[in-house]
Structures are given as C-alpha cells and as structure tokens.
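A quick write-up on the structure given underneath.
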Amino acid sequence: MIQGKGTAVFAGIAIGKAFLFSHSAGELPVFCGDVQKELQAFDSARETARQQLQLLFEKTKQELGEEQAMILDVQCMMLDDLDYIEAVQQQIQQGRSAAAAADAVGTVFSQQFADMDDDYMRARSVDVRDMAKRLTAILSGTNAELEITEPVVLLADDLSPSETVQLPKDNILAFVTCQGSTNSHTAILARMMSIPSLVQAQIPLNSTVQGKTIIVDGFEGCYYLDPDPDTLAKMQEKQKTAQQKQQLLEQYRGKPTISKSGKKVKLFANIGSPDDVAYVLKGDAEGVGLMRSEFLYLGREDFPTEQELFEAYRSVVEQLDGKELVIRTLDIGADKKVDYFGLEPEENPALGYRGIRICLKQPEIFRPQMRAIYRASAYGPVSAMFPMIASVQEVLAVKEFCKTIREELTAEAIPFGEVALGVMIETPAAAVISRELAKEVDFFSVGTNDLTQYTLAVDRQNEKLAEFCDTHHPAVLALLKMIVENAHAEGIWAGICGELGADTTLTEEFLKMGYDELSMSPAKVLEVRRIICESEE
Amino acid sequence: MKTIQYTIQDPMGIHARPAGLLAKEAGKYACNISVAVEDGTPVDAKRIMGVMRLAAKQGMQLNMTFDGADEEVAAAEFEEFLKENL
C-alpha cells in the first residue's frame, strides 16, 4: 500500500481503479530502418492530428465557446510550422523513429517558449507540447483521445485544457493530479461535478500504478494506492456513511427552504460558465446568486465581444427557466490576471487595480458587458452586482453608466428587461457605510473571502498565515450582522456569496442575523437546506 | 528587395493567432519574407513558431523584408494585412 497527501478540492470518498493519464504512454516505437517510411508516417500523422484537432475544435466550440476553441486552432497552425517539420525530418534522416523525433523536437520547442520572458508566450509552451504529444501518440498507436470504458480514478501529472474538455466525464470517479492549484481547470471541474479530488498530490506516476485500486479521501486530503484489506474496509465504511448522509439529504430535494419558525431563505448557487447550470439544477439550487463573469474572459487571447457575452448570459437565463440569476460584473485583477488586459504588475494586487475600479476607468471594457447583461434580461430575470465597491460615489457612477446603457439600447430599439442592481460588500469600507449604500441599490451580496482578508489584513493566498485567517473572527461576524441590519433598514435584501455561505457551522447564525439569501457551490445546497429546515430560528 | 515598416497597434501584440495568420499570409508568396522586431534578428515570416518567438508588443516597430520574384505584390499586400490585423 502506498499512502500520500494532496490538496483536497471536494469532500467525499472515491474508490476505483487507477487510470494513468499519460501524455507519453510507455515506450516510443524504434526506428523501422527505412527513412522514407518514417517520413511518410510523420506526414500522415500530421494529417490525422489535423483531423482530430478540427473535430475537437468543433466540440469545444459548442461546449465551451469559440474563445476556448481558439487554442486548438493555434495548435493546428503549429502542425504546419516549417521549423518544427524540418527539425523532425532532420532527426528522422539521422535514424530516429518519427514518434521519437516528433516528441524530442516538441520538447525542445516547448522549452524555448518556457524560457521566454513573456508570460503569455511562456504559457504557449503547453500548446506546443500538446501538439507534439498528439503526434507522438498517433505515431505510437496509442490514441490521444482517452479510452476510458469503466469508472476510474484519473491520475495525471497535470491536465491541459484541451485534455480536460475531452474527458469522458461520466466515467470519472475522482481526479488526482501532481500539479494544479485549487483554482485550476481540473479543480473547478471536480467541484462542479461533486467528485472528491486532489491537486498537488505526491504520487508516483508510472506504469505500475495502472489498474491498481486507489482510494481518494477528499475529507482528509489523502489517497491510498493498492490499499491493504483493513484500510479498504475502513474507507468503504467511510464512503458508505458519506453516501447515506447524502441519501438522507435527498428528502430535501424540491422542498422549500423554511426554518421551523417560518424564516425563508433563498439557496442559490455560484457558477462560472453556462455549462455549470446543469449542476445548479442537479444540486437543486433555487437560482444563481453569483455568476463569476470573469471566466468568460479567461483562457483566451482577446476581449469577448458583446455578442459572445450576450449569448453566454442568455444561455444561462434560458436554462434557468425563470429562476433568478445574479451576474457579478468583471472581477479581473488581483489573483485573476489576463494578459490581454495589459495590467501592470502591482506591489499590492489585492489592494490594486481590480473589479469595479477597472470598469469605471475603462468603460470600453465595461460597456460590452453591461449591454450584454441588459440584453439577456429580455429573456428572463437577471440582476447585476458590482465587485469591490468602497464608496457611494462609485455606486452613483455605476448607476449613471447603467442609465446610459439603457438609453443606448432604447435608442437602438434593442429589447431589455428590468435589471436589479446590487453591490458586493467585500471591503470593510462598504460594510461600514452599508446604510448609505443601501439607499442606492436593490440588494447586497457579501463576499466573505475578501471581506475577511481585508478586515483581518491577512493575505488568503499566503499559506503561512492560515492560522491567522480566522474566518469566524468576531470582527467579521459583527460586520456581517451590521450589513444585513442596514440592508433591511432601507428595505433591500442581503445575501452571502463567499465561502462562508456554505459554512454549515454558521448557517444558523446567518439565519438569526436575518440573511435572505445564501449562495454556494451547487453540491452544498441540500445540506444547508437540511440545517435551515431543522432550525428553530 | 523591398522593405516595409509597421508599428504594432494591437494592444496584445503578435500573440499566437495573429502569428499564425501572418505565417499563413506569408506562405502565399514565392519570395523570401523575413520579419524582425526593431533591430533584432530577422526570422522567416512563413514559420509560426519563429514569429511567435519574436514576442512583438504594441508600439514596437516591425521591419519586413521581401526578396524574390513577387516581392512588389507581397510587400504591397502585406502593408494592408498588417494594418488590418495588427
């Protein structure tokens, strides 16, 4: 039995066969002895790769949108790069197999990109490697597309976006990756799919693990490879208990969220993209309390157009079929950087040029988004909320901006609905002046992650400070109480959309404070509903 | 031999896709086409990875050289191409 640790991204137990997702599966074929044959094999592999990439391009475009798909288009262009082709041909002429040459040259080229000074170009080294690995796989006779026919625990060093999109999601019990952060593509996917997964795992990835039984414990952040009978029995028991608990929660599906004393709370979900609505419905959330709109700006090379944004928002509205949707406007900056925004490096990004500050200073970025939000509101209920607000003036400026947008759309005869305008309360300043802010907006949503880090002056990215980051600090709870009281005093509703929203040890406290809405990862909804329904508050 | 200069307007500079488009466009002509950023080493404009490695940014000057039978046409059409795409 091998035992190891990792960072858990979703609580739960998975037990299954390990499937090693290897970018270069096993030994590469050796030189066949005929240069011409190897050269021909290389050419036909490029053709096969092109067809695969084109299919994948179409699939990705449908599932994730054109911007995500562009990565694949670039890889297609790289297949035709003469530098690459000639270097491979040269190696073949020196007596290497096409597979070995395609792989070796790919490694050299991707390293050249990895060594560049430019962040954006450095990130392209993954694309070069992706393209070369595809060729190598074709030439080795191992298909680059995954062939998973039974439920497995997927092990990988790391998964590229192009790999993530082609995973057969129905057959994956858990992910275990050596790289990746809790914000990586894989981690976000795991949380949405509600499968226990580990990133940053210390696990040996070699062919001996293939097919072995592996247990992933997403409660403790550890795994057991080839477990002994005792461990297996213990973990099966733990899995059963977790499943029974989940089973018990099923009786709360479709039930209204009302406490015993009759307090009603809206239980909403946090999402990032139109695809996530499926999980909202599966988790039985009553609406979407936070759509993190910046995901539509990530993983691409240029700003999304108004039409792209509009189509994404409309797709969410239509899928929600009458349920409420709160879209948070762009919260780029700080820990979420995008190259094409051309943001300068900052000493203190968390206190820097981000959120509403960018939108107010660069209306050319803000306008397409607000227009798209208003246009989507013609198809169902949509609210907008603005991040990083610290003053009444900012709110007035945003409202004025929205008024201009409405006038533009009216003048152009483009239909739009009523869009309630709210603010995120995530700076201590906003919490302190919440009574004044409440006079200007339709609702509040508290972003507890930032509110905590700003109130306690603790950087939440810094692991050394974990012990100082007391999310239940009395100062934070006092602000939370004050915010909801001020909201109600001015007749507007208040919700919580940060991580505390799903913190079941505080659910009753929030109920007592009077919060009207809690927004969380869709998989947590039933558990929180149970607590509220059982509460005497 | 023909040469043209162009200052990059695109806020993103020559990122992956424009590099691909540039290489594709260059591939349409028979003449040799090279591209350099300011006084840096020229690369073959018909090769996407080389063009990407220039890591050319907004405000930088591109120097393109055309050498061969169709250099006149190529240079003239590239002027248009650069204006439209970069």
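The values are calculated or read from the model by the stated rules, or taken from the named source; none is laboratory data. Since the model is a prediction, treat every value here as computed from it, not as a measurement. Glycine also receives a Cβ, built like all others from the backbone with ideal geometry; neighbour counts cover every protein chain displayed.
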Point to revise | Residue within the range B:60-75 that is within 14 Å of chain A (Cβ to nearest Cβ) and either part of a loop (DSSP other than H, G, I, E, B) or within 27 Å of A:V128 (Cα to Cα) (or both) present | key: yes
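Do we find that B:K57 is part of a loop (DSSP other than H, G, I, E, B), crowded, with 22+ Cβ neighbours inside 10 Å and within 13 Å of another protein chain (Cβ to nearest Cβ) in this structure?
Answer is no for this residue.
Condition first: part of a helix (DSSP H, G or I), within 27 Å of the chain's Cα centre (by Cα) and crowded, with 20+ Cβ neighbours inside 10 Å. Can you find one or more residues in the range A:491-498 that meet it?
No, there is no match, as no residue in the range A:491-498 is part of a helix (DSSP H, G or I), within 27 Å of the chain's Cα centre (by Cα) and crowded, with 20+ Cβ neighbours inside 10 Å.
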Exercise for review: Please specify each residue of the range B:18-49 satisfying the condition of being in contact with an Asp or Glu (Cβ under 6 Å, 6 or more places away or on another chain), within 12 Å of chain A (Cβ to nearest Cβ) and outside any loop (DSSP other than H, G, I, E, B).
Suggested key: B:I48, B:M49
Review point. Does A:Y374 satisfy the condition of being within 14 Å of chain B (Cβ to nearest Cβ) and not in a strand (DSSP E or B)?
Key: no
Study note, to complete from the structure: Taking the range A:248-302 and keeping residues crowded, with 20+ Cβ neighbours inside 10 Å and of a type in the set (F, W, Y) leaves A:Y252, A:F268, A:Y297
Review point. When residues of the range A:194-237 are filtered for being at negative phi, of a type outside the set (D, E), in a loop (DSSP other than H, G, I, E, B) and under 27 Å from the mean Cα position of the chain (by Cα), how many remain?
Key: 9
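Can you find even one residue in the range A:65-74 that is away from chain B (no Cβ under 14 Å), in contact (Cβ under 8 Å) with a residue 60 or more places away in the chain and of a type outside the set (D, E, K, R)?
Scanning the range A:65-74, I find at least one residue that is away from chain B (no Cβ under 14 Å), in contact (Cβ under 8 Å) with a residue 60 or more places away in the chain and of a type outside the set (D, E, K, R), so the answer is yes.
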Study note, to complete from the structure: So, first residue more than 14 Å from chain B (Cβ to nearest Cβ) and in contact (Cβ under 8 Å) with a residue 12 or more places away in the chain in the range A:87-113, second residue buried (at least 21 other Cβ atoms within 10 Å of the Cβ) and among the hydroxyl-bearing types (S, T, Y), Cβ within less than 6 Å, six or more apart or across chains; the pairs are A:A99/A:T136; A:A99/A:S140; A:A102/A:T136; A:D103/A:T136
Review point. When you go through A:T241, A:T257 one by one, which is the residue that is modelled with pLDDT of 95 or more, farther than 16 Å from A:A18 by Cβ and not aliphatic (A, V, I, L, M)?
Key: A:T257
Study note, to complete from the structure: By residue number, the members of the range A:220-244 that are surrounded by 14 or more Cβ atoms within 10 Å (Cβ to Cβ) and among the hydrophobic types (A, V, I, L, M, F, W, C) are A:C222, A:L225, A:L232, A:M235, A:A242
**Study point:** Filtered residues of the range A:203-224 (kept if within 13 Å of A:K17 (Cβ to Cβ) and either touching a Lys or Arg at 6+ places or on another chain (Cβ under 6 Å) or without any contact (Cβ under 8 Å) to a residue 60 or more places away in the chain (or both))
**Key:** A:G211
Review point. How many residues are over 18 Å from A:V280 (Cβ atoms) and not charged (D, E, K, R) when one looks only at the range A:520-537?
Key: 4
